[in-house]
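Each reported figure results from applying straightforward, stated rules to the coordinates on display, with no laboratory input. Source: prediction; values computed, not measured. FYI the Cβ positions are ideal-geometry reconstructions off the backbone, even for glycines, and counts take in every protein chain you see.
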Amino acid sequence: GAGVSQSPRYKVAKRGQDVALRCDPISGHVSLFWYQQALGQGPEFLTYFQNEAQLDKSGLPSDRFFAERPEGSVSTLKIQRTQQEDSAVYLCASSLVASGTYEQYFGPGTRLTVT
Amino acid sequence: RKEVEQDPGPFNVPEGATVAFNCTYSNSASQSFFWYRQDCRKEPKLLMSVYSSGNEDGRFTAQLNRASQYISLLIRDSKLSDSATYLCVVKGGSYIPTFGRGTSLIVHP
């Protein structure tokens, strides 16, 4: 079946531009996570949705970052007024449920480069 | 101190070797533990969950030591295709997994 998809796969933005990154989770997966992965580092948690509810956004680095999942399926991560330090791979992952040992399935990521 | 720590490596081993990685975690209330594999410029994929009793999947063995707060991954008879970054993942009582920075493994002929 279809896995998690993300678009665009690559995005180059000029400093100060707004960007929107899309995530299509596996159908029926309740939980959706966004991560930021810098080169040579592990994924860092940004935010978590259970269905359409954003239960945790403690990892969002600043108020320039905003995420939504209005119908409990597709999610969008928006970054306003991008800065060079926002350059990273943004990974989306979905899971049937969040608790316990349920596996997270990752999308291929969006590689954002801010120039 | 980071919540989850891993030696970034790289571990450079010949084919057929046995290699082991450790990962330490700081939150004693952590409940779930995993190893993920990430190939270069690809997404992480679950390699195996780590159970209290330890578990084995073919050439891979994972163990948990709660007293010393670390998990380990042992790879026997390394293959070229095992070359990747191995990410340690720890979950506490909340739903938020914490990833280590990963350990790089290079298996050479």
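Counted over chain A with a bin width of 10 Å, the fraction of Cα pairs per bin, in whole percents, is 15, 50, 29, 5, 0. Among A:GLU71, B:GLU15, a tally of other beta-carbon atoms within 10 Å of each Cβ gives an order, fewest to most, of A:GLU71, B:GLU15.
Here the calculated FRET efficiency for A:SER58 and B:ASP77, from their Cβ-Cβ distance with R0 = 41 Å, stands at 0.45, rounded to the nearest 0.05.
For chain B, would you read off the P(r) tail past 20 Å as a percentage of all alpha carbon pairs? Cα-Cα pairs of chain B separated by over 20 Å account for 35 percent. With neighbours defined as other Cβ atoms within 10 Å of a residue's Cβ, the residues A:TRP34, B:TRP35 order from fewest to most as B:TRP35, A:TRP34. For peptide A:34-45, the mean count of partner chain Cβ atoms within 10 Å of a residue's Cβ comes to 5.
Note on B:ILE96 and A:ARG15: their simple-model spin labels are 2.9 nm apart, each label 7 Å out from Cα toward Cβ. Ignoring lysines fewer than eight residues from B:LYS45 along the same chain, the ones with Cα atoms less than 29 angstrom from its Cα are A:LYS11, A:LYS57, A:LYS78, B:LYS2, B:LYS79, B:LYS91. The stretch between B:SER26 and B:SER52, if pulled fully straight at 0.36 nm per residue, gains 7.7 nm over its current Cα-Cα span.
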